[in-house]
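Peer 1: The following block contains the structure, expressed as structure tokens.
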Amino acid sequence: MKAFQFVEWQKPGEIRDVPVPEPGPGQVLIKVGGAGACHSDLHIMEWPGGMLPWALPFTLGHENAGWVEKLGAGVSGFNVGDPVAVYGPWGCGHCYQCVQGVETYCENAATTNGGAGGGGLGLNGGMAEYMLVPSARSLVPLDTLHPREAAPYTDAALTPYHAIKRSLHKLTPRSSVVVIAVGGLGHMAVQILKAMSVAQIIAVDVAQDKLDLAKAVGADHGVLSTDPDAVAKIRELTHGRGAEVVLDFVGLEPTIALGSKILALTGDFTVVGIGMGNINWNFMALPYEVNLTSTYWGTRSELIEVLALAESGKLKGHMTYYPLDKAAEVYELLHAGKINGRAVITPNG
Ligand SMILES: [Zn+2]
Ligand SMILES: [Zn+2]
């Protein structure tokens, strides 16, 4: 079968011929319906070798959904042909974090799967006709959603969902939330916020077309981050108080600097993007009792919740679908900021 693989550090991926995997005991083979192209893959492909404990090559694609193709020995609860979404972070399954469904923070991550994070993150992912899932516990049945639409929700919606849910108690009718960067994750974040809170939603981006998308999917205001008055405008929109919640989907130095200037007292500043920017902190640098945190992906139960939100029609990703042989081109477009919403690779048409 054809697979889009990451072959060499700091080189773009390429299409290669690989064997169709055979599911062993407990494993499930999925016929891939869709695999989202995520900005984090660009970071991974740009980092030098040695930053991640992963062996190359492996097939890219960590946001996956499809149909059950073949069940390994001992797997029950699923039938061939069932449409399923794949929970992407694959932990050990038995540590305290995994038992709670928080496989992103598996306590045995260093020794599970040889240190790989999941399919498309050190192990073979979904940018291929078929993909091997190591355990049926990573599968969520789909009801009305087509797998190619469901695929990006497993990360591009699950990640903001997790970040939003932990701050939901701060999003009162008096509150504001700022979404920095309206890309694949940001445009989902706006919709999740709209569905789950009454707070004022302010979108921030470097590009007007991204702000237009944010407004179309529910943002109350859009502010260009390139505007020299961006901070003042956000302060004005928040009645001088700043935002109770800031979600930074970039995480570079300039976005972190912007976020720290627009926070309200006791606000939550959540950095989701892995831009690896630093923050300068001292007692006076931020308002009192501000919480600064990073989040990574989400939990298994949150994936069930976010898929329910999409099944209900309250979350509708702005998707563009591409065949597998366009994968390299898609990452070039993503790198150039030319993907509005989410690009999804559909290896089986
Ligand atoms: Zn991702
Ligand atoms: Zn674990």
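Computed from the coordinates by the stated procedures, all read-outs in this text should not be read as laboratory data. What you see is a predicted model; the values in this text were computed from it and never measured. Don't worry about glycine lacking a Cβ; one is built from the backbone with ideal geometry, like all the others, and counts go over all protein chains shown.
Peer 1: Kindly provide the GluC sites (Glu not before Pro) of the stretch 245-349 that DSSP labels as loop, not H, G, I, E or B, and whose Cβ sees at most 12 other Cβ atoms within 10 Å.
Peer 2: Numbers: sites: Glu289, Glu302, Glu305, Glu311, Glu329, Glu332; in loops: Glu289.
Hits after loop and neighbour filter: Glu289.
Peer 1: Moving on. In deg cm²/dmol and to the nearest 500, what is the mean residue ellipticity at 222 nm of the chain if only DSSP H runs of at least 4 residues count, each as -39500 (n - 2.57), divided by the residue total?
Peer 2: -6500 deg cm²/dmol
Peer 1: Counting Lys and Arg as +1 and Asp and Glu as -1, each charge on the Cβ, what is the dipole of the stretch 167-294 about the Cα centre in debye, to the nearest 20? Please list the in-between numbers first.
Peer 2: Values: 9 positive and 12 negative charges, 55 e Å.
Magnitude of the dipole: close to 260 debye.
Peer 1: While we're on this one: So what's the chain giving for Cα Rg divided by 2.2 N^0.38 Å, two decimals?
Peer 2: Working: Rg = 19.8 Å, N = 349, 2.2 N^0.38 = 20.4 Å.
After normalising by residue count via 2.2 N^0.38 Å, the value is 0.97.
Peer 1: Here's something else I'd like to know. Treating the angle as unsigned and between 0 and 90°, give the value, to the nearest 10°, between the Cα long axis of helix 186-196 and the longest Cα principal axis of the chain.
Peer 2: 80
Peer 1: When only DSSP loop residues count, what GluC sites (Glu not before Pro) in the stretch 100-199 have their Cβ near at most 15 other Cβ atoms within 10 Å? Don't skip to the answer; put the middle values down first.
Peer 2: Details: sites: Glu103, Glu107, Glu129, Glu149; in loops: Glu107, Glu129.
Here the GluC sites (Glu not before Pro) that fit, given the DSSP loop and packing criteria, are Glu107.
Peer 1: Once you charge only the Cβ atoms, +1 for Lys and Arg and -1 for Asp and Glu, what is the size of the charge dipole of the stretch 157-219 about its Cα centre, to the nearest 20 debye?
Peer 2: Working: 7 positive and 3 negative charges, 68 e Å.
Taking the Cα centre of the stretch 157-219 as origin, the dipole is about 320 debye.
Peer 1: Name the shape class, rounded, prolate or oblate, that the alpha-carbon gyration tensor gives for the stretch 191-256, where a ≥ b ≥ c are the square roots of its eigenvalues, rounded holds for a/c under 1.5, and otherwise prolate holds if a/b is larger than b/c and oblate otherwise. Provide the component values of the computation, followed by the final result.
Peer 2: Working: a/c = 1.42, a/b = 1.16, b/c = 1.22.
Rounded.
Peer 1: Charges only on Cβ, +1 for Lys and Arg, -1 for Asp and Glu: so what's the dipole of the chain about the Cα centre, in debye to the nearest 20? Let's see the in-between values first.
Peer 2: Numbers: 24 positive and 33 negative charges, 114 e Å.
Magnitude of the dipole: close to 540 debye.
Peer 1: Also: Compare the Cα positions of Leu315, Met276, Leu265 along the charge dipole of the stretch 239-317 (+1 at Cβ of Lys, Arg; -1 at Cβ of Asp, Glu; about the Cα centre) and return the one farthest towards the positive end.
Peer 2: Leu315
Peer 1: Can you give the longest run of the chain that contains no chymotrypsin sites (Phe, Trp or Tyr not before Pro) sitting in a DSSP loop with at most 10 other Cβ atoms inside 10 Å? Mind showing how you got there, number by number?
Peer 2: On the way: sites that count: Phe283, Tyr288.
Within the chain, the longest run free of exposed chymotrypsin sites (Phe, Trp or Tyr not before Pro) spans 1-282.
Peer 1: Cα to Cα, under 16 Å, and not fewer than 8 places away if on the same chain: which lysines meet these conditions relative to Lys338?
Peer 2: Cα-Cα hits under 16 Å: Lys210, Lys326.
Peer 1: How large is ³J(HN,Hα) for each residue in the stretch 85-94, as worked out from phi by the Karplus curve 6.51 cos²θ - 1.76 cosθ + 1.60 (θ = phi - 60°), to whole Hz, x for Gly and Pro?
Peer 2: Using θ = phi - 60°, the values come out as 9, 9, 6, x, x, 9, x, 6, x, 10 Hz.
Peer 1: Moving on to the next point. Would you pull out the residues with amide H under 5 Å of Leu263's amide H, same chain only if 5 or more places away, H placed 1.01 Å from N?
Peer 2: The list, which skips near neighbours in sequence, is Ala243.
Peer 1: Of the candidates Gly34, Gly298, Gly24, which one comes out as most mobile in a Gaussian network treatment of the chain with C-alpha springs shorter than 10 Å?
Peer 2: Gly24
Peer 1: Mind listing the long-range amide H neighbours of Leu139? Cut-off is under 5 Å, sequence gap 5 or more, other chains count too, H placed in the peptide plane at 1.01 Å from N.
Peer 2: Tyr87
Peer 1: Loop only per DSSP, at most 15 neighbouring Cβ atoms within 10 Å: give me the trypsin sites (Lys or Arg not before Pro) in the stretch 168-208, ordered by residue number. Don't jump to the answer; show the numbers that get you there.
Peer 2: Values: sites: Lys170, Arg174, Lys194; in loops: Arg174.
Within the stretch 168-208, the qualifying trypsin sites (Lys or Arg not before Pro) (loop, at most 15 other Cβ atoms within 10 Å) are Arg174.
Peer 1: Treating the angle as unsigned and between 0 and 90°, give the value, to the nearest 10°, between the Cα long axis of helix 300-311 and the longest Cα principal axis of the chain.
Peer 2: Once rounded, one gets 80 degrees.
Peer 1: Amide H neighbours of Gly33 under 5 Å, at least 5 residues apart or on other chains, H built in the peptide plane: list them.
Peer 2: Close amide H contacts, sequence-distant or interchain: Ala65, Gly66, Trp67.
Peer 1: Which Rg and Dmax, in Å, describe the Cα atoms of the stretch 167-294?
Peer 2: Answer for the stretch 167-294, Rg first and Dmax second: 13.0, 39 Å.
Peer 1: Can you work out the Karplus-derived ³J(HN,Hα) for every residue in the stretch 248-257? Use 6.51 cos²θ - 1.76 cosθ + 1.60 with θ = phi - 60°, whole Hz, and x for glycine or proline.
Peer 2: Each residue of the stretch 248-257 in turn: 9, 8, 10, x, 8, 3, x, 6, 5, 5 Hz.
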